[in-house]
Amino acid sequence: MDFSRYFRDYPSPDGFFGPYGGAELPPELEAAFKEINDAYQAICQSAHFINELRRIRREFQGRPTPLYHCDRLSRKLGNCQIYLKREDLNHSGAHKLNHCMGEGLLAKYMGKKRLIAETGAGQHGVALATAAAYFGLKCEIHMGEVDIAKQAPNVTRMKILGAEVVPVKIGLRTLKEAVDSAFASYAKNYRDSIYCIGSVLGPHPFPLMVRDFQFCIGEESRAQFLEMTGHLPDAVTACVGGGSNAAGSFAAYLNDPVELIGVEPLGRGSGLGEHAASMNYGTPGSMHGFRSYMLKDENGNPAPVYSIASGLDYPSVGPEHALWHDLGRVRYLTASDAEAVDAFFKLSRYEGIIPALESSHAIAYAMRWAKEHPYGSIIATCSGRGDKDIDYVVEHYGYGDEYAFRD
(Lines give C-alpha, C1' and ligand atoms only; values in the text may rest on other atoms or scores of the structure.)
Protein backbone atom coordinates (compact mmCIF):
# COMPACT_ATOMS: atom_id res chain seq x y z
CA MET A 1 0.00 0.00 0.00
CA ASP A 2 1.16 3.52 -0.83
CA PHE A 3 1.10 5.48 2.42
CA SER A 4 1.84 8.88 0.83
CA ARG A 5 -1.81 9.95 1.29
CA TYR A 6 -2.35 8.06 4.52
CA PHE A 7 -2.72 11.09 6.81
CA ARG A 8 -5.25 12.66 4.44
CA ASP A 9 -7.40 9.53 4.45
CA TYR A 10 -7.21 8.42 8.10
CA PRO A 11 -9.04 8.88 10.28
CA SER A 12 -12.30 9.64 8.51
CA PRO A 13 -14.16 12.81 9.59
CA ASP A 14 -16.13 10.73 12.11
CA GLY A 15 -12.98 9.19 13.56
CA PHE A 16 -12.68 5.78 11.88
CA PHE A 17 -9.46 4.04 10.91
CA GLY A 18 -11.08 1.60 8.50
CA PRO A 19 -13.59 -0.37 10.64
CA TYR A 20 -11.98 0.74 13.92
CA GLY A 21 -12.34 3.81 16.09
CA GLY A 22 -15.38 6.06 16.09
CA ALA A 23 -17.05 7.64 19.09
CA GLU A 24 -19.56 5.42 20.88
CA LEU A 25 -20.77 7.86 23.52
CA PRO A 26 -23.69 8.30 25.89
CA PRO A 27 -25.92 11.14 24.68
CA GLU A 28 -24.85 13.43 27.54
CA LEU A 29 -21.21 13.35 26.33
CA GLU A 30 -21.74 13.76 22.58
CA ALA A 31 -21.71 17.56 22.76
CA ALA A 32 -18.64 17.54 25.03
CA PHE A 33 -16.58 15.42 22.62
CA LYS A 34 -17.79 17.47 19.65
CA GLU A 35 -16.53 20.58 21.49
CA ILE A 36 -13.11 18.93 21.94
CA ASN A 37 -12.97 17.85 18.29
CA ASP A 38 -14.00 21.28 16.99
CA ALA A 39 -11.38 22.96 19.18
CA TYR A 40 -8.63 20.57 18.14
CA GLN A 41 -9.44 20.85 14.44
CA ALA A 42 -9.18 24.64 14.79
CA ILE A 43 -5.90 24.81 16.67
CA CYS A 44 -4.04 21.99 14.91
CA GLN A 45 -3.84 24.28 11.86
CA SER A 46 -2.99 27.37 13.92
CA ALA A 47 0.57 28.67 13.59
CA HIS A 48 0.22 30.34 17.00
CA PHE A 49 -0.70 27.04 18.72
CA ILE A 50 1.94 25.02 16.86
CA ASN A 51 4.68 27.54 17.61
CA GLU A 52 3.69 27.71 21.28
CA LEU A 53 3.77 23.90 21.55
CA ARG A 54 7.19 23.83 19.84
CA ARG A 55 8.47 26.44 22.31
CA ILE A 56 7.18 24.38 25.25
CA ARG A 57 8.82 21.24 23.88
CA ARG A 58 12.13 23.00 23.38
CA GLU A 59 12.30 25.10 26.55
CA PHE A 60 10.33 23.00 29.07
CA GLN A 61 10.34 19.37 27.91
CA GLY A 62 13.90 19.28 26.61
CA ARG A 63 13.10 18.10 23.12
CA PRO A 64 14.44 16.77 20.88
CA THR A 65 15.33 13.75 22.98
CA PRO A 66 18.56 11.95 21.94
CA LEU A 67 18.93 8.91 19.72
CA TYR A 68 21.50 6.74 21.48
CA HIS A 69 23.66 3.95 20.03
CA CYS A 70 23.88 0.99 22.45
CA ASP A 71 27.41 0.09 21.41
CA ARG A 72 28.30 -2.22 24.29
CA LEU A 73 24.98 -4.10 24.33
CA SER A 74 25.14 -4.47 20.53
CA ARG A 75 28.63 -6.00 20.71
CA LYS A 76 27.48 -8.47 23.36
CA LEU A 77 24.75 -9.68 21.00
CA GLY A 78 26.69 -9.75 17.72
CA ASN A 79 27.15 -7.32 14.83
CA CYS A 80 23.64 -5.89 14.62
CA GLN A 81 23.39 -2.35 16.01
CA ILE A 82 20.73 -1.36 18.57
CA TYR A 83 19.70 2.27 19.00
CA LEU A 84 17.39 3.79 21.63
CA LYS A 85 15.08 6.74 21.19
CA ARG A 86 15.51 8.21 24.65
CA GLU A 87 11.99 9.28 25.67
CA ASP A 88 13.09 8.50 29.23
CA LEU A 89 15.01 11.81 29.00
CA ASN A 90 11.85 13.76 28.18
CA HIS A 91 10.92 15.95 31.17
CA SER A 92 8.96 13.92 33.77
CA GLY A 93 10.65 10.74 32.54
CA ALA A 94 8.50 9.37 29.74
CA HIS A 95 6.89 10.06 26.38
CA LYS A 96 3.56 10.88 28.05
CA LEU A 97 4.38 14.59 28.43
CA ASN A 98 4.32 14.93 24.62
CA HIS A 99 0.54 14.67 24.52
CA CYS A 100 -0.16 15.99 28.03
CA MET A 101 1.34 19.39 27.23
CA GLY A 102 -0.69 19.43 24.02
CA GLU A 103 -3.88 18.51 25.87
CA GLY A 104 -3.16 21.11 28.55
CA LEU A 105 -2.66 23.80 25.91
CA LEU A 106 -5.93 22.70 24.29
CA ALA A 107 -7.70 22.94 27.66
CA LYS A 108 -6.46 26.51 28.12
CA TYR A 109 -7.69 27.39 24.62
CA MET A 110 -11.12 25.95 25.50
CA GLY A 111 -11.29 27.81 28.82
CA LYS A 112 -11.36 24.63 30.94
CA LYS A 113 -10.27 24.69 34.57
CA ARG A 114 -9.49 21.03 35.30
CA LEU A 115 -7.74 18.05 33.68
CA ILE A 116 -9.16 14.57 34.39
CA ALA A 117 -7.37 11.34 33.48
CA GLU A 118 -6.63 7.73 34.31
CA THR A 119 -3.19 6.24 34.80
CA GLY A 120 -1.72 2.74 35.08
CA ALA A 121 2.04 2.93 35.50
CA GLY A 122 1.63 6.47 36.78
CA GLN A 123 3.65 8.13 34.01
CA HIS A 124 0.56 9.60 32.35
CA GLY A 125 -0.62 10.81 35.75
CA VAL A 126 2.74 12.44 36.50
CA ALA A 127 2.86 14.02 33.04
CA LEU A 128 -0.66 15.39 33.31
CA ALA A 129 -0.01 16.70 36.83
CA THR A 130 3.08 18.38 35.40
CA ALA A 131 1.04 19.94 32.59
CA ALA A 132 -1.64 21.10 35.05
CA ALA A 133 0.98 22.78 37.23
CA TYR A 134 2.55 24.43 34.17
CA PHE A 135 -0.77 25.83 32.89
CA GLY A 136 -2.30 26.62 36.31
CA LEU A 137 -5.10 24.04 36.10
CA LYS A 138 -6.62 21.62 38.61
CA CYS A 139 -5.80 17.94 38.08
CA GLU A 140 -7.70 14.76 39.00
CA ILE A 141 -6.02 11.37 38.41
CA HIS A 142 -7.85 8.05 38.75
CA MET A 143 -5.62 5.06 39.52
CA GLY A 144 -6.33 1.44 40.48
CA GLU A 145 -5.34 0.43 44.00
CA VAL A 146 -3.09 -2.37 42.65
CA ASP A 147 -1.15 0.14 40.55
CA ILE A 148 -1.01 2.64 43.41
CA ALA A 149 0.79 0.01 45.49
CA LYS A 150 3.17 -0.93 42.62
CA GLN A 151 3.93 2.63 41.54
CA ALA A 152 4.25 4.46 44.87
CA PRO A 153 7.01 6.86 43.68
CA ASN A 154 4.80 8.15 40.87
CA VAL A 155 1.85 8.57 43.23
CA THR A 156 4.07 10.72 45.44
CA ARG A 157 5.19 12.78 42.45
CA MET A 158 1.59 13.42 41.37
CA LYS A 159 0.64 14.63 44.84
CA ILE A 160 3.70 16.88 45.11
CA LEU A 161 2.70 18.43 41.77
CA GLY A 162 -0.73 19.20 43.23
CA ALA A 163 -2.90 16.48 41.67
CA GLU A 164 -5.77 14.77 43.46
CA VAL A 165 -5.19 11.00 43.17
CA VAL A 166 -8.47 9.05 43.26
CA PRO A 167 -8.00 5.37 44.29
CA VAL A 168 -10.14 2.96 42.24
CA LYS A 169 -11.31 0.01 44.32
CA ILE A 170 -13.59 -1.88 41.91
CA GLY A 171 -12.89 -4.95 39.74
CA LEU A 172 -9.24 -5.82 39.27
CA ARG A 173 -8.30 -2.33 40.51
CA THR A 174 -5.97 -1.68 37.56
CA LEU A 175 -5.98 0.39 34.36
CA LYS A 176 -9.32 -0.65 32.83
CA GLU A 177 -11.17 0.23 36.04
CA ALA A 178 -9.26 3.51 36.30
CA VAL A 179 -10.53 4.45 32.82
CA ASP A 180 -14.10 3.58 33.88
CA SER A 181 -13.77 5.78 36.95
CA ALA A 182 -12.25 8.72 35.07
CA PHE A 183 -15.00 8.58 32.42
CA ALA A 184 -17.65 8.64 35.15
CA SER A 185 -16.07 11.71 36.74
CA TYR A 186 -15.77 13.48 33.40
CA ALA A 187 -19.46 12.83 32.64
CA LYS A 188 -20.31 14.83 35.78
CA ASN A 189 -17.81 17.64 35.22
CA TYR A 190 -17.38 18.11 31.46
CA ARG A 191 -18.55 21.71 31.45
CA ASP A 192 -15.44 22.96 33.26
CA SER A 193 -13.08 20.01 32.64
CA ILE A 194 -11.40 18.10 29.84
CA TYR A 195 -10.72 14.38 29.89
CA CYS A 196 -7.11 13.85 28.84
CA ILE A 197 -6.92 10.26 27.61
CA GLY A 198 -3.49 8.73 28.17
CA SER A 199 -3.09 6.83 24.91
CA VAL A 200 -4.21 6.56 21.27
CA LEU A 201 -7.58 5.16 22.28
CA GLY A 202 -11.00 6.26 23.48
CA PRO A 203 -13.61 8.10 21.44
CA HIS A 204 -12.68 10.35 18.52
CA PRO A 205 -10.76 12.71 18.43
CA PHE A 206 -8.37 11.28 21.05
CA PRO A 207 -6.72 8.55 18.92
CA LEU A 208 -5.96 11.24 16.32
CA MET A 209 -4.90 13.92 18.82
CA VAL A 210 -2.58 11.73 20.86
CA ARG A 211 -1.00 10.26 17.68
CA ASP A 212 -0.39 13.78 16.39
CA PHE A 213 1.16 14.95 19.68
CA GLN A 214 3.39 11.84 19.81
CA PHE A 215 4.46 12.08 16.14
CA CYS A 216 7.58 13.97 17.27
CA ILE A 217 9.13 10.68 18.48
CA GLY A 218 9.41 9.11 15.04
CA GLU A 219 9.95 12.41 13.26
CA GLU A 220 12.99 13.09 15.44
CA SER A 221 14.40 9.54 15.39
CA ARG A 222 14.15 9.37 11.60
CA ALA A 223 16.07 12.63 11.13
CA GLN A 224 18.58 11.73 13.85
CA PHE A 225 19.34 8.30 12.40
CA LEU A 226 19.81 9.76 8.92
CA GLU A 227 22.21 12.34 10.34
CA MET A 228 24.14 9.72 12.33
CA THR A 229 24.43 7.03 9.65
CA GLY A 230 23.35 8.46 6.30
CA HIS A 231 20.53 5.93 5.85
CA LEU A 232 17.33 4.69 7.49
CA PRO A 233 17.22 1.93 10.13
CA ASP A 234 16.17 -1.56 9.12
CA ALA A 235 13.57 -1.77 11.86
CA VAL A 236 11.81 0.28 14.54
CA THR A 237 10.16 -1.28 17.57
CA ALA A 238 8.10 -0.01 20.52
CA CYS A 239 5.97 -1.50 23.27
CA VAL A 240 2.19 -1.54 22.81
CA GLY A 241 -0.41 -1.32 25.55
CA GLY A 242 -2.86 1.32 24.38
CA GLY A 243 -0.12 2.21 21.92
CA SER A 244 0.76 5.92 22.24
CA ASN A 245 4.56 5.70 22.15
CA ALA A 246 4.35 3.10 19.36
CA ALA A 247 2.00 5.26 17.28
CA GLY A 248 4.41 8.17 17.62
CA SER A 249 7.41 5.95 16.87
CA PHE A 250 5.91 4.36 13.74
CA ALA A 251 3.87 7.09 12.02
CA ALA A 252 6.84 8.95 10.52
CA TYR A 253 8.12 5.74 8.88
CA LEU A 254 4.87 4.47 7.30
CA ASN A 255 5.97 5.18 3.72
CA ASP A 256 9.60 4.10 4.25
CA PRO A 257 11.15 0.65 3.62
CA VAL A 258 11.51 0.11 7.38
CA GLU A 259 10.14 -2.85 9.32
CA LEU A 260 7.81 -1.75 12.15
CA ILE A 261 7.20 -4.04 15.13
CA GLY A 262 4.85 -3.44 18.06
CA VAL A 263 5.57 -5.54 21.15
CA GLU A 264 2.66 -6.57 23.34
CA PRO A 265 2.93 -7.99 26.89
CA LEU A 266 2.70 -11.79 27.00
CA GLY A 267 2.92 -11.67 30.79
CA ARG A 268 3.00 -15.14 32.34
CA GLY A 269 1.62 -17.03 29.33
CA SER A 270 -1.03 -17.28 26.64
CA GLY A 271 -3.99 -18.15 28.86
CA LEU A 272 -6.81 -15.66 29.35
CA GLY A 273 -5.95 -13.40 32.27
CA GLU A 274 -2.21 -14.14 32.06
CA HIS A 275 -1.33 -11.49 29.46
CA ALA A 276 -2.54 -8.27 27.81
CA ALA A 277 -1.72 -9.03 24.15
CA SER A 278 -4.89 -7.66 22.56
CA MET A 279 -3.67 -7.79 18.98
CA ASN A 280 -2.31 -11.30 19.19
CA TYR A 281 -5.16 -12.94 21.11
CA GLY A 282 -8.11 -10.56 20.79
CA THR A 283 -10.94 -10.05 18.31
CA PRO A 284 -12.74 -6.88 17.22
CA GLY A 285 -14.99 -5.37 19.86
CA SER A 286 -16.00 -2.13 21.54
CA MET A 287 -15.14 -0.61 24.92
CA HIS A 288 -14.55 2.85 26.36
CA GLY A 289 -16.23 4.50 23.40
CA PHE A 290 -14.23 3.06 20.48
CA ARG A 291 -13.89 -0.11 18.41
CA SER A 292 -10.64 -2.07 18.08
CA TYR A 293 -9.11 -5.44 18.87
CA MET A 294 -10.11 -6.50 22.36
CA LEU A 295 -9.55 -9.36 24.78
CA LYS A 296 -12.93 -10.79 25.80
CA ASP A 297 -14.25 -13.17 28.43
CA GLU A 298 -16.80 -15.91 27.72
CA ASN A 299 -19.60 -13.32 27.77
CA GLY A 300 -17.92 -10.97 25.30
CA ASN A 301 -16.99 -8.43 27.96
CA PRO A 302 -13.47 -7.03 28.47
CA ALA A 303 -11.36 -9.87 29.83
CA PRO A 304 -9.11 -9.67 32.89
CA VAL A 305 -5.55 -8.87 31.82
CA TYR A 306 -2.12 -8.94 33.40
CA SER A 307 1.38 -7.59 32.76
CA ILE A 308 4.36 -6.92 34.97
CA ALA A 309 4.23 -3.45 33.38
CA SER A 310 1.26 -1.53 34.79
CA GLY A 311 1.13 0.74 31.74
CA LEU A 312 0.49 -2.20 29.40
CA ASP A 313 -2.28 -4.09 31.23
CA TYR A 314 -5.23 -2.89 29.15
CA PRO A 315 -7.64 -5.27 27.33
CA SER A 316 -7.73 -3.33 24.05
CA VAL A 317 -5.46 -1.26 21.82
CA GLY A 318 -5.64 1.95 19.83
CA PRO A 319 -7.80 1.72 16.67
CA GLU A 320 -5.02 2.96 14.38
CA HIS A 321 -2.87 0.03 15.50
CA ALA A 322 -5.74 -2.28 14.56
CA LEU A 323 -5.77 -0.79 11.07
CA TRP A 324 -1.97 -1.06 10.73
CA HIS A 325 -2.25 -4.71 11.79
CA ASP A 326 -4.91 -5.48 9.19
CA LEU A 327 -2.98 -3.65 6.46
CA GLY A 328 0.12 -5.65 7.35
CA ARG A 329 2.20 -2.49 7.74
CA VAL A 330 3.09 -3.18 11.39
CA ARG A 331 3.79 -6.60 12.88
CA TYR A 332 2.59 -7.15 16.44
CA LEU A 333 4.58 -9.68 18.44
CA THR A 334 4.97 -10.37 22.16
CA ALA A 335 7.53 -10.39 24.96
CA SER A 336 6.96 -12.14 28.29
CA ASP A 337 7.54 -10.85 31.80
CA ALA A 338 10.72 -12.92 31.95
CA GLU A 339 12.06 -11.44 28.71
CA ALA A 340 11.21 -7.91 29.86
CA VAL A 341 13.01 -8.37 33.18
CA ASP A 342 16.05 -9.79 31.37
CA ALA A 343 16.14 -6.74 29.08
CA PHE A 344 15.62 -4.42 32.08
CA PHE A 345 18.75 -5.71 33.79
CA LYS A 346 20.89 -6.09 30.67
CA LEU A 347 20.30 -2.51 29.53
CA SER A 348 20.99 -1.34 33.08
CA ARG A 349 24.24 -3.33 33.37
CA TYR A 350 25.68 -2.79 29.89
CA GLU A 351 24.54 0.74 29.01
CA GLY A 352 23.87 2.42 32.37
CA ILE A 353 20.22 3.03 31.44
CA ILE A 354 17.44 1.74 33.72
CA PRO A 355 14.34 1.46 31.50
CA ALA A 356 10.70 1.33 32.50
CA LEU A 357 9.25 -2.18 32.51
CA GLU A 358 6.97 -1.07 29.68
CA SER A 359 9.96 -0.04 27.56
CA SER A 360 11.76 -3.25 28.52
CA HIS A 361 9.33 -5.19 26.31
CA ALA A 362 10.52 -3.29 23.23
CA ILE A 363 14.16 -3.62 24.29
CA ALA A 364 13.67 -7.36 24.78
CA TYR A 365 12.42 -7.65 21.21
CA ALA A 366 15.28 -5.49 19.88
CA MET A 367 17.72 -7.89 21.56
CA ARG A 368 15.91 -10.84 19.98
CA TRP A 369 15.95 -9.13 16.56
CA ALA A 370 19.67 -8.40 16.89
CA LYS A 371 20.42 -12.06 17.56
CA GLU A 372 18.41 -13.10 14.50
CA HIS A 373 20.01 -10.53 12.15
CA PRO A 374 23.80 -10.74 11.94
CA TYR A 375 23.95 -7.27 10.41
CA GLY A 376 21.68 -4.23 10.29
CA SER A 377 20.16 -1.78 12.74
CA ILE A 378 17.07 -1.43 14.89
CA ILE A 379 15.69 1.50 16.89
CA ALA A 380 13.78 0.69 20.09
CA THR A 381 11.80 3.43 21.77
CA CYS A 382 12.78 3.68 25.43
CA SER A 383 9.39 5.15 26.32
CA GLY A 384 10.19 5.83 29.98
CA ARG A 385 12.72 5.51 32.75
CA GLY A 386 12.61 2.77 35.35
CA ASP A 387 12.79 4.77 38.57
CA LYS A 388 9.14 3.94 39.21
CA ASP A 389 9.82 0.19 38.91
CA ILE A 390 13.03 -0.34 40.88
CA ASP A 391 11.44 -1.15 44.25
CA TYR A 392 9.09 -3.68 42.67
CA VAL A 393 11.85 -5.27 40.58
CA VAL A 394 14.30 -5.58 43.47
CA GLU A 395 11.61 -7.05 45.72
CA HIS A 396 10.72 -9.76 43.18
CA TYR A 397 13.95 -10.26 41.21
CA GLY A 398 16.82 -8.97 43.31
CA TYR A 399 19.59 -6.85 41.83
CA GLY A 400 20.00 -8.76 38.59
CA ASP A 401 23.37 -10.46 38.93
CA GLU A 402 22.07 -13.61 37.23
CA TYR A 403 21.01 -11.61 34.17
CA ALA A 404 24.54 -10.64 33.16
CA PHE A 405 25.98 -12.07 29.95
CA ARG A 406 28.18 -15.09 30.60
CA ASP A 407 31.53 -14.74 28.86
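The values are calculated or read from the model by the stated rules, or taken from the named source; none is laboratory data. Worth saying up front: this structure is predicted, and the values here are computed from it rather than measured. All Cβ positions, even for glycine, are placed from backbone atoms using ideal geometry, and neighbour counts span all protein chains on display. Calculation scope for accessible area: heavy atoms of the full protein, side chains included, ligands and nucleic acids excluded. Shrake-Rupley method; radii C 1.70, N 1.55, O 1.52, S 1.80 Å.
Here are the numbers for the structure shown:
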item: Counting DSSP beta bridges with both ends in the chain, the antiparallel % (nearest 5); result: 30
item: Structure-based [θ]222 nm, the chain - -39500 (n - 2.57) summed over DSSP H runs of at least 4, per residue, nearest 500; result: -13000 deg cm²/dmol
item: Charge dipole magnitude, Cβ of K and R +1, D and E -1 - the chain, Cα centre, debye nearest 20; result: 860
item: Selection from ILE354, TYR403, ALA178, by position along the positive dipole direction of the chain (Cβ); result: ILE354
item: Exposed-loop-free span, longest in the chain, where chymotrypsin sites (Phe, Trp or Tyr not before Pro) count as exposed if DSSP calls them loop and at most 14 other C-beta atoms lie within 10 Å; result: 1-374
item: Overall form of the range 93-141 per C-alpha gyration tensor (a/c, 1.5; a/b vs b/c); result: prolate
item: Dipole magnitude (debye, nearest 20) for the range 149-238, charges at Cβ of Lys, Arg, Asp, Glu; result: 580
item: The range 186-211 residues near the modelled PHE7 label - backbone nitrogen below 15 Å, point 7 Å along Cα→Cβ; result: 208-211
item: Set LYS34/LYS138; LYS159/LYS388; LYS76/LYS96; LYS108/LYS296; LYS113/LYS296; LYS296/LYS371 screened for pairs whose C-alpha atoms are more than 26 Å apart; result: LYS76/LYS96; LYS108/LYS296; LYS113/LYS296; LYS296/LYS371
item: With every protein chain in place, the range 181-307: carbon and sulfur % of accessible area (1.4 Å); result: 46
item: Top positive-direction residue, dipole computed over the range 14-126 with Cβ charges, set ALA121, GLY18, GLY93; result: GLY93
item: For HIS396, solvent-accessible area (1.4 Å; no DNA, RNA or ligand), Å²; result: 100
item: Normalised contact order of the range 1-138, rounded percent, pairs of Cα under 8 Å and 6 or more residues apart; result: 15
item: Length-normalised contact order for the range 277-330 - Cα pairs under 8 Å, 6+ apart - percent; result: 32
item: Distance between the range 236-271 and the range 318-397 - C-alpha centres, whole angstrom; result: 10
item: Heavy-atom SASA rank of HIS373, HIS204 (probe 1.4 Å, accessible area, largest first); result: HIS373, HIS204
item: The chain shape via C-alpha gyration tensor axes, a/c threshold 1.5; result: rounded
